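Remarks on the structure that follows.
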Amino acid sequence: MDIVFVSPSNSKAIYQELSNKYSAIEPPTWALLLAESCRSKGFKVSILDCNAEGLSIDQSYQRLSELSPKLICFVVYGQNVNAGTTSMSGATALSNYIKKKNNKFVISYVGSHVQSVPLETLQNEQSIDFVFVNEGVYALHNVLKLNNFTPENLSTIKGLAYKDNNGLAKFTKPEMIVPQDRMDIDLPGYAWDLLPFKSTPLDLYRSPLWHANYIEDQRSPYAAIQTSLGCQFKCDFCMINIINRNDEEEVGVAGTYSKMRYWSTDFIIKQFDKLIEMGVTTIRITDEMFLLNPKYYKPLCEKLAERNRDDKLLMWAYSRVDTVKRPEVLELVRKAGIRWLCLGIESGDKNIRLEISKGKFEDVDVNKVVKQVHDADINVMANYIYGLPGDTKDSILKTFELSKELNTMGWNTYAAMALPGSRLYKIAKENGTKLPESYEGYSFHSYDCIPLPTENLEAYQVLELRDQCFIDYFTNEKYLSTVKQKFGEEAAKNIIRMSKIKLKRRIIEEAKNKSI
C-alpha cells in the first residue's frame, strides 16, 4: 500500500452533547478527491474514515498496521470553515499514538490548519513528519515517487514544509495548484468505493438535521460534492482560500490567494450520476459560491433537473444574498433538486456587512431576496456572525430581530472567531488578542470556545448573546408554527428537543464567577 488517507475521529468536545445526535457525519470530500487523484497515477491507495466507523485510537492504529502503508496522510479539513483546525484535536491524538507505538510510520498532514501555520504546526506536533502547504495534489504525486522520506529527499519536493536533520521546520519551494484546464484530469473524481458502509453506500454518513427537513430518516445515506474550488472574495473572517496557498509566509492569509476553479459540467454530472445510481439523494453541494457564475451552475442545474423529474433529490448549496435575485434562476435551482440555499447574511447592520467583505458585497434588500427564495419553494439556511468588527449589543440584537422577521427554516449563528488562515487571525496575533489555547477552542460549539471581543463587548458577552439567541430562535412560536406547516409535527418536536441542549462555556462561567 502506497498511501492511506486518514479522516480522523472528531473530539466529542467539539460539539459537546450535540455530537450524540445532531451534528452531521460528513463524508471526507478531500480524502476522496486526493485518493482518486493518486489512484489515477497508478498508486495503491486506501481511506480510513475513523469518524464514520467510530473507531477508537487503538482500533485505528490496528487497521493502519494491517494496511502497512508507505505513507500515512491525515486529511484534516471538514465541511465547516473552522473544521480544519478543530479536527486537529482528534488527528494529533491519533498520530501521537501511532508514533509511540511504531515510530517507523511516516506521517504527513494536509488541511486548512497546517496550510495556515505550517511551520508552527511542525514545531508543536512532533508526530508530524511533514505537511502539504497547499491542496497538495502535485506534491503528493511527487512525494509518492520517493524511495524514502529523508529530509534530504523531502527538500527536493515543491509544496511542503518539513523538518531538517536538526528538527527545524522549513519550507520547500512553492508548488502550483491544479490549474483550470487540468481539473478534470488531475482531480478526476471521488473514490466512493473506498468509503466504509454498513448496508448500502454512504449509509454511515448523515446530513445536518435541517438539511433533511428536520426528519431523522432522511439524513442518510448522505454525500457531499464539489463542483468548484475556492472563492473569488476576500472576507476577513474566512479562510477557505488557504488551499490555494503559493508562498512561504509564516502565517498564511486566505484572502491573499482568492481564486476559483471549476470542473466541467459533463464531468461533474457523471459524479452526480454515480451517487444517484448508489441510491444517494441527500447531497450537499460544498462549493463556497455555487450560484455565482451562470456559465457553470446553469448548465449543471439543467442536467440535474432532467434527473430530478420525480423530485427525489434533496440538496443544498451556498449562495450570497447579492447573487440570488432573478426568479428564473431560482426556478431552475429548485427543479435541479436544490431545496435549501445557505445565504450568508452575516449582519443586520449594512455598514458592518459591507466592511467585512471589503466592498465586494453589493447592497441588497435582504427581506426581498429571502422572500424570492421562499416563493420559489426553496428553504433558506440563514448564516449570521455575532461580534464582527464594529458590533455592539444593539447591532447584534438588531441582527437577531432581522432573523426573526425573515423567519427562515434554517438559522445558523457563530460568534466571530479568529480562524487560522483568516485575516482576523493574523490581526489578532499581531495585536496580542487572546486566542484559544487548544484546537477545540476554535470550535463554535465547544466548552473552550474563545471568540473575538469587539471594541464594545468582551468575548464572553458575544458568546452569551449567540447562545441565548439560538434558544430564543428555535423556541419562537412563529418559527415553530411555520415548521409544522412545512415539515410536520415530528420536525417541530425534533427542533424542540435540540433546543433543550444547553452548551457549556468556560469563559462565560469564569466571567460569572468573577462577578460574584
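The values are calculated or read from the model by the stated rules, or taken from the named source; none is laboratory data. Nothing here was measured: the structure is a model prediction, and the numbers come from that model. Positions of Cβ are generated from backbone atoms using ideal geometry, with glycine treated the same way; all protein chains shown enter the neighbour counts. To get the accessible areas, we keep the full protein, side chains included, count just its heavy atoms, and leave off ligands, DNA and RNA. Shrake-Rupley method; radii C 1.70, N 1.55, O 1.52, S 1.80 Å.
One decimal place: the segment residue 168-residue 514 gains 120.3 nm when fully extended, by the rule 0.36 nm per residue minus the C-alpha distance.
What is the calculated FRET efficiency for residue 429 to residue 185, with r their C-beta to C-beta distance and R₀ = 35 Å, to the nearest 0.05?
It comes out at approximately 0.35.
The orientation-averaged shadow of the Cα convex hull for the stretch 63-182, equal to a quarter of the hull surface, comes to 7.9 nm².
Projected over all directions and averaged, the alpha-carbon convex hull of the chain occupies 23.1 nm². Averaging 1/r over each pair of different alpha-carbon atoms in the stretch 1-89 and inverting the result gives 13.7 Å, the Kirkwood hydrodynamic radius. With the simple model of a label 7 Å out from the Cα in the direction of the Cβ, residue 12 to residue 124 spans 2.4 nm.
Computed over the stretch 178-304, the percent of Cα pairs more than 19 Å apart is 57.
Using the 1.4 Å probe convention, the accessible area of the chain works out to 40 Å² per residue with neighbouring protein chains retained. Carbon-plus-sulfur accessible fraction, the stretch 212-257 (probe radius 1.4 Å, protein heavy atoms only): 43%. Note on residue 371 and residue 103: their simple-model spin labels are 6.9 nm apart, each label 7 Å out from Cα toward Cβ. Residues whose amide H falls under 5 Å from that of residue 314, counting only those 5 or more places apart or on a different chain, are 282, 283, with hydrogens built in the peptide plane.
Scanning the chain for cysteines with no neighbouring cysteine C-beta under 4.7 angstrom from their C-beta gives 38, 50, 73, 231, 301, 342, 449, 469. Bridging of residue 514 to aspartates and glutamates at a Cα separation below 19 Å is possible for 448, 458, 464, once same-chain residues fewer than 8 apart are set aside.
Here the extension length gained between residue 501 and residue 232 equals 93.1 nm, from 0.36 nm per residue of separation less the Cα-Cα distance. Both radii are taken from the alpha-carbon atoms of the stretch 380-437; with Rh as the Kirkwood radius, Rg/Rh is 1.07. Applying Stokes-Einstein at 37 °C and 0.692 mPa s to the Kirkwood radius of the stretch 452-516, computed over alpha-carbon pairs, gives a translational diffusion coefficient of 241 µm² s⁻¹.
For the pairs 298/426; 303/398; 173/259, flag any whose C-alpha to C-alpha distance is greater than 32 Å. Over 32 Å apart, Cα to Cα: 298/426; 303/398.
For residue 248 and residue 56, the difference between the fully extended length at 0.36 nm per residue and the C-alpha to C-alpha distance is 65.5 nm.
Projecting the Cα atoms of 457, 130, 19 onto the dipole axis of the chain, where Lys and Arg carry +1 and Asp and Glu carry -1 at the beta carbon, places 19 farthest toward the positive end. Computed from the C-beta positions of residue 295 and residue 493, the FRET efficiency with R₀ = 56 Å rounds to 0.80. Could you tell me whether the stretch 213-272 comes out rounded, prolate or oblate from its Cα gyration tensor? Rule is a ≥ b ≥ c as square roots of the eigenvalues, rounded for a/c under 1.5, then prolate if a/b exceeds b/c, otherwise oblate. Oblate. FRET efficiency for the pair residue 218 and residue 404, taken as 1/(1 + (r/R0)^6) with r the Cβ-Cβ distance and R0 = 30 Å, rounds to 0.70. With the simple model of a label 7 Å out from the Cα in the direction of the Cβ, residue 142 to residue 40 spans 1.9 nm. When you count the other C-beta atoms within 10 angstrom of each residue and take the mean per peptide, 223-233, 173-183 line up highest first as 223-233, 173-183. Taking every C-alpha pair closer than 8 Å and separated by at least 6 residues, the mean separation divided by the residue count of the stretch 167-239 gives a relative contact order of 18 percent.
Hey, can you rank 101-114, 132-145, 61-74 by average C-beta count inside 10 Å, highest first?
In descending order of packing, they fall as 132-145, 101-114, 61-74.
Find the eigenvalues of the gyration tensor of the Cα atoms of the stretch 111-237, then list the square roots of 5 times those eigenvalues as equivalent ellipsoid semi-axes, largest first, in whole angstrom. Before the final figure, lay out the partial values.
Values: eigenvalues 230, 63, 62 Å².
Working from the Cα gyration tensor, I get semi-axes of 34, 18, 18 Å.
If you take the Cα Rg of the stretch 382-516 and divide it by 2.2 N^0.38 Å, with N the number of residues, what do you get? Relative to the 2.2 N^0.38 Å estimate, the stretch 382-516 comes out at 1.14. In a simple Cβ point-charge model (Lys, Arg +1; Asp, Glu -1; nothing else charged), the chain has a dipole of about 400 debye relative to its Cα centre.
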